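Here's the structure we're looking at; comments come further down.
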Amino acid sequence: MSAPSAPAGRRTKLLLAASRHPLAALFAEGLQRCGRVADGRLALLVSGGGDSMAMLVLAAAVRERSDPSLGSLAVLAVDHGLRPEARAECESALALAEELGLARRACRRGLVATDGNLLEQARAARYAAARAFVDEHGCTAAVAAHTADDRAESLLLSLRRGHGLTALARILPSRTYADGSLPTMLRPLLGARRAALRAFLADLGVSWHDDPSNAKHERGELRADPGLARLVNRIAGGSTRLLDEASELLEYRDDELAVHLAPGATCLGRADFDRIPKPLHGAALRSIAIAAGGEIANRSLDRALAALRDGDRAPRQFACANGVELRIDAREVRALRVD
């Protein structure tokens, strides 16, 4: 449980101790890497867990230097209604925000259907609530407390699923969604370790709640297996440069692809497609399929790329998810619904 509301002296001591901790400098540097959007009002996404509680304290400590009122921060906790304890955990995070002096704070209910992928549905509900909260409070971005450990886990899970280069950059320091359906997301703690954040809270006398349902998901398997946990620990400790450079390469790839393929395009003339540099062909085919409402599996993508390379311009068709088909012939490359 979080500490009860305390006098101003407790708040001052808490923020002073946090501002002097090495993690405060790491958090400030992380915000700088996220770009100028981090200079505006930020919505902190908290849950009561160790990572987000540490982020809450660090953000308040760093922002107080330039904004003593802390009016440039807002705090959102989302209760998905999946566990009876979740509401109290969200309230404990908001109690800490109140203790720190953050006036803008709210707990919202993000209802999740009990069928399908609960983790994905909970994430969608959380980000939808964040979108509304960001708009309501005039925030420039939402801030999540993902760490180096989260990034390493995402890397291993993405490799298991065959995600290719994107596996090296599943969690980016900042991400803006072109369609505006989700808020700009910032992750300034990607250089921090999960254990260090919890040690920081313990030093300050701030408690937290760990969600037991995390153990039921794939990440829980990584954490429960001693061998895999050691592997994640080593990756998290030594992969920062690799993952940062992969993020830069993906940004360059996307910028270069935008020169040849308009956003939302589902069709491109074959001559124009052939002018796209070959290393970008896979990304271009994925983009065209997604724009048509589908998703091309790795096996189908490999076959489509082989068809582009073999010089035979006979019509070819490649099935994608959601009733979408990718068609390649001598005239064009097109994705369309066929169901």
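Remarks
- Table column - 3J(HN,Hα) (Hz), segment 314-325, Karplus curve with 6.51, -1.76, 1.60, x for Gly and Pro: 5, x, 10, 10, 9, 5, 10, 6, 6, x, 9, 10
- Once the trypsin sites (Lys or Arg not before Pro) in DSSP loops with at most 13 neighbouring Cβ atoms within 10 Å are cut out of the chain, the longest remaining piece is 162-274.
- With each label modelled as a point 7 angstrom along the Cα→C-beta vector, the Asp211-Asn322 pair spans 2.4 nm.
- Only DSSP H runs of four or more residues enter the estimate; each adds -39500 (n - 2.57), and after division by the residues of the chain the mean residue ellipticity at 222 nm equals -15500 deg cm²/dmol.
- Normalised alpha carbon radius of gyration of segment 192-299 [divisor 2.2 N^0.38 Å]: 1.61
- Backbone phi angles across segment 137-150, fed through the Karplus curve with coefficients 6.51, -1.76 and 1.60 (θ = phi - 60°), yield HN-Hα couplings of 9, x, 8, 8, 6, 9, 10, 10, 9, 5, 10, 4, 5, 4 Hz in residue order; Gly and Pro are listed as x.
- Amide H contacts of Ala141: Ala43, each under 5 Å away and 5 or more positions distant or on a separate chain (H built 1.01 Å from N in the peptide plane; Pro and chain starts excluded).
- Database remark: amide H of Ser47 closer than 5 angstrom to the amide H of Ser52, Met53 (H placed geometrically; neighbours at sequence offset of 5 or more, or on other chains; Pro and chain starts carry no H).
- For percent of Cα pairs over 34 Å apart, calculated from these coordinates, the label among (1) 33; (2) 22; (3) 30: (1)
- Efficiency of FRET from Cβ geometry, Val37 and Arg241, R₀ 30 Å, rounded to 0.05: 0.80
- The equivalent ellipsoid of segment 1-102 has semi-axes of 22, 17, 12 Å, largest first, where each one is the square root of 5 times an eigenvalue of the Cα gyration tensor.
- Candidates Thr266, Thr184, Thr140: whichever shows maximal mean-square fluctuation once the chain is modelled as a Gaussian network with Cα springs under 10 Å: Thr266
- For Leu280, neighbours were defined as the other residues whose beta-carbon sits under 10 Å from its Cβ, and their charges (Lys and Arg +1, Asp and Glu -1) total 0.
- What the Cβ-Cβ distance of Leu228 and Asp135 gives, at R0 = 30 Å and to the nearest 0.05, is a FRET efficiency of 0.15.
- J(HN,Hα) series, segment 290-304, from Karplus relation 6.51 cos²θ - 1.76 cosθ + 1.60, nearest Hz, glycine and proline x: 5, 4, 8, x, x, 8, 8, 6, 4, 5, 5, 5, 4, 5, 5
- Exposed GluC sites (Glu not before Pro) absent - longest run of the chain, DSSP non-H/G/I/E/B, at most 16 other C-beta within 10 Å: 86-294
- Computed from the C-beta positions of Leu159 and Arg65, the FRET efficiency with R₀ = 35 Å rounds to 0.30.
- Working from label points 7 Å from Cα in the Cα-to-Cβ sense, the Ala195 to Asp329 distance is 6.1 nm.
Computed from the coordinates by the stated procedures, all read-outs in this text should not be read as laboratory data. Note that the structure is a prediction, hence the values are computed from the model and not measured. Every residue, glycine among them, receives a Cβ derived from its backbone with ideal geometry; neighbour counts consider all protein chains shown.
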